[in-house]
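Student: What follows is a structure written as structure tokens; I'll ask about it next.
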Amino acid sequence: MLAGGANDVVIEFRGVSYQLDSRQTILHRLNLEVRRGETLVLLGRSGSGKTTTLKLINRLLVPTEGEVLVEGRGTLVWDPIRLRRRIGYVIQEIGLFPHCTVERNVGLVPAAEGWPAEKRRERVRELLDLVGLEPAMAARYPHELSGGQRQRVGVARALAAGPPMLLMDEPFGALDPLTRAELQREFQSLQRRLRKTIVFVTHDLREALLVATRIGLLEAGRLVGLYTPEEFLRAPDPLAADYAAAFRTAENPTERGER
Amino acid sequence: MSLLEFFLRNREGVLELTLEHLWLVGVSILLAVAIGLPLGILLTRWPRARRPVLGGANIMQTIPSLALFAFLLPLPWLGERADRIAITALTLYALLPIIRNTYAGITGVDPAVVEAGRGMGLTDRQLLFKVELPLALGVIIAGIRVAAVTSVGVATIAAAIGAGGLGEYIFRGLAMVSNQLILAGAIPAALLALLADGTLGLIERRLRPAQ
């Protein structure tokens, strides 16, 4: 494989384990490669280690064993601030700053990076447009927005300084089904345009199938398998098969239990 | 002589003692904020210091004010002037609510918001000044408010060691068994306390982030 090719690896886990203490191991010897421009979905139930995996990438957590490489460099070698500013971060609770307007929320990293005010304002307008928000929203405070609007602001904020990578931790998990479907659709078209390298965490197979280039199935801190969405539905692994069966049941309530 | 007459006749005296009182309280609160705020922040960064620091500030509160004045009296530089003793004692009393509320305010900030900030690549300093402190400010001001109101009351006792303030009237009134003189000190002191409470309460409400 040629360096700089379409398949080059941007994020790599090499035998990564993460232990909370001597008795609780959250992640077991994870090996995983995320390629440039793909959306890798980490699928699994709560407690399977999805969020931990994500936080190991932007060094909110540090591996107990093994190493995580981002753009070829170990996260421990990176200056954590530089590393995190190259990686946008969207979480389910959104974490918008309640004391800041939408404009200041979105413009925070550019401001921290020292962008001049005019360029910042320009960028905020551009981003709000990108995520489908009216320019007038810029002056609002987070508590004046709906759940869907807040999540859009969260995405805009993560994209603000133009990071090549995005980490998304159940970004649409707290939304009502209609808003969620709408945002998932928009996320797809956004990703087609932006081609960021994305690691996306969810427990919802439907969402995974919709947005993923590849799906990594996690269970009890171990990577069970890596599949394309098509492969996933035919995967022989019993856990993947269970997911697929539950999914089909939900899609086709009449063909209950068939695989 | 009615109380009103007393105030009219002693306008200058009342004003002077009120200003003295305000000076004692104002300086000690400023000092307590200057010491307590950084200490409170430090505790959030260094949890191991929490018990000794909060414990120490707690013990300070349990010492009766007259006893604390007496303890400070023999100290070299401090003990030389009554207002130094009074300000030191008032500062020590004001520390606990300020440290405690700074700590509680910062640790009470929604962890998701802090995590988002950290994940976005804010430095510790940016996280503190742009996220944690602004969001904790309402709680911190509430602590300063408690400290200020308490200080107005405790400062009346400073007159016992000759530090001045409205306690002068109260102690004189006690000695002369004159309710009028006691009230001449107590009423302006109560008004000062209400003023401090009201002003800081207003600031506090302004600063509480809307949810």
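The values are calculated or read from the model by the stated rules, or taken from the named source; none is laboratory data. Quantities reported herein were computed from a predicted structural model and do not represent experimental measurements. Every residue, glycine among them, receives a Cβ derived from its backbone with ideal geometry; neighbour counts consider all protein chains shown. Quick note on the areas: whole protein, heavy atoms, side chains included, nothing else; ligands and nucleic acids left out. Shrake-Rupley method; radii C 1.70, N 1.55, O 1.52, S 1.80 Å.
Residue by residue, here is whether (1) in a helix (DSSP H, G or I); (2) open to solvent by less than 80 Å² (accessible area, probe 1.4 Å); (3) within 22 Å of A:Glu38 (Cβ to Cβ); (4) modelled with pLDDT of 85 or more holds:
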| site | (1), (2), (3), (4) |
| --- | --- |
| A:Phe232 | yes, yes, yes, yes |
| A:Leu239 | yes, yes, no, yes |
| A:Phe247 | yes, yes, yes, no |
| A:Thr254 | yes, no, no, no |
| A:Arg259 | no, no, no, no |
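Student: Please determine, by comparing only the residues of the stretch A:162-181 that are of a type outside the set (A, V, I, L, M) and closer than 24 Å to A:Gly114 by Cβ, which one is least open to solvent (accessible area, probe 1.4 Å).
Tutor: A:Pro163
Student: Give me the pairs, please: first residue somewhere in the stretch A:96-115 and more than 10 Å from chain B (Cβ to nearest Cβ), second residue anywhere and part of a loop (DSSP other than H, G, I, E, B) and among the small types (Gly, Ala, Ser), beta-carbon distance under 6 Å, and either six or more positions apart or on two chains.
Tutor: Close Cβ pairs satisfying both conditions: A:Val106/A:Ala160; A:Pro110/A:Ala160; A:Pro110/A:Ala161.
Student: Considering only residues that are part of a helix (DSSP H, G or I) and under 22 Å from A:Arg35 (Cα atoms), which ones fall in the stretch A:140-184?
Tutor: Residues satisfying the conditions are A:Val155, A:Ala158, A:Leu159, A:Gln184.
Student: What about B:Leu128, is it within 30 Å of A:Pro171 (Cβ to Cβ), assigned to a loop (DSSP other than H, G, I, E, B), modelled with pLDDT of 90 or more and within 14 Å of chain A (Cβ to nearest Cβ)?
Tutor: no
Student: Please count how many residues of the stretch A:166-185 are among the aliphatic types (A, V, I, L, M) and away from chain B (no Cβ under 12 Å).
Tutor: Looking only at that region, the number is 4.
Student: Here's something else I'd like to know. Given the criteria at positive phi and at pLDDT below 90, does A:Gly162 qualify?
Tutor: Yes: the conditions hold for A:Gly162.
Student: Among the candidates A:Thr197, A:Thr213, single out the residue that is away from chain B (no Cβ under 14 Å), open to solvent by less than 20 Å² (accessible area, probe 1.4 Å) and in contact (Cβ under 8 Å) with a residue 40 or more places away in the chain.
Tutor: Among A:Thr197, A:Thr213, only A:Thr197 is away from chain B (no Cβ under 14 Å), open to solvent by less than 20 Å² (accessible area, probe 1.4 Å) and in contact (Cβ under 8 Å) with a residue 40 or more places away in the chain.
Student: Test B:Leu92 against the stated conditions and say whether it is at pLDDT 90 or above, open to solvent by less than 80 Å² (accessible area, probe 1.4 Å) and under 29 Å from A:Ile81 (Cβ atoms).
Tutor: Criteria not met by B:Leu92.
Student: So which residues in the stretch B:152-182 are among the hydroxyl-bearing types (Ser, Thr, Tyr) and under 28 Å from B:Thr199 (Cβ atoms)?
Tutor: Those that are among the hydroxyl-bearing types (Ser, Thr, Tyr) and under 28 Å from B:Thr199 (Cβ atoms): B:Thr156, B:Tyr169.
Student: Hey, A:Leu159 hits all of (1) surrounded by fewer than 20 Cβ atoms within 10 Å (Cβ to Cβ); (2) among the hydrophobic types (A, V, I, L, M, F, W, C); (3) touching a Gly at 6+ places or on another chain (Cβ under 9 Å) but one; which does it fall short on?
Tutor: Answer for A:Leu159: the failing condition is (1).
Student: Okay, next question. Which of the residues spanning the stretch A:73-95 are under 13 Å from A:Leu56 (Cβ atoms), among the β-branched types (Val, Ile, Thr) and in contact (Cβ under 8 Å) with a residue 24 or more places away in the chain?
Tutor: Selection gives A:Ile87 alone.
Student: If I filter the stretch B:46-68 for residues that are closer than 30 Å to A:Leu54 by Cβ, assigned to a helix (DSSP H, G or I), open to solvent by 30 Å² or more (accessible area, probe 1.4 Å) and modelled with pLDDT of 85 or more, do I get at least one hit?
Tutor: yes
Student: Sticking with this one: Kindly indicate the residue of the stretch B:104-116 that is open to solvent by 40 Å² or more (accessible area, probe 1.4 Å) and assigned to a helix (DSSP H, G or I) and also farthest from B:Trp23 (Cα to Cα) among those meeting that condition.
Tutor: Per the criteria, the residue is B:Glu115.
To keep it simple, each residue is scored yes or no on (1) open to solvent by 10 Å² or more (accessible area, probe 1.4 Å); (2) away from chain A (no Cβ under 14 Å); (3) part of a helix (DSSP H, G or I).
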position	(1), (2), (3)
B:Asn101	yes, yes, yes
B:Arg118	yes, no, yes
B:Ser151	no, yes, yes
B:Ala158	no, yes, yes
B:Leu181	yes, yes, yes
B:Asp197	yes, yes, yes
B:Arg206	yes, no, yes
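Student: Give the stretch A:107-148 a look and list any residue that's surrounded by 15 or more Cβ atoms within 10 Å (Cβ to Cβ), of a type in the set (Lys, Arg) and under 12 Å from A:Ala161 (Cα atoms), or say none.
Tutor: Those that are surrounded by 15 or more Cβ atoms within 10 Å (Cβ to Cβ), of a type in the set (Lys, Arg) and under 12 Å from A:Ala161 (Cα atoms): A:Arg120, A:Arg123.
Student: Also, quick follow-up: Regarding B:Glu80, is this residue open to solvent by less than 20 Å² (accessible area, probe 1.4 Å) and of a type in the set (D, E, K, R)?
Tutor: No.
Student: Next question. Look through the stretch B:69-86, keep the residues that are of a type in the set (D, E, K, R) and modelled with pLDDT under 90, and return whichever of them is farthest from B:Val27 (Cα to Cα).
Tutor: Filtering first and then ranking leaves B:Glu80.
Student: Among the residues of the stretch A:43-86 satisfying the criterion of being under 16 Å from A:Ser17 (Cβ atoms) and among the acidic types (Asp, Glu), which is surrounded by the fewest Cβ atoms within 10 Å (Cβ to Cβ)?
Tutor: Across the stretch A:43-86, the extreme among qualifying residues is A:Glu65.
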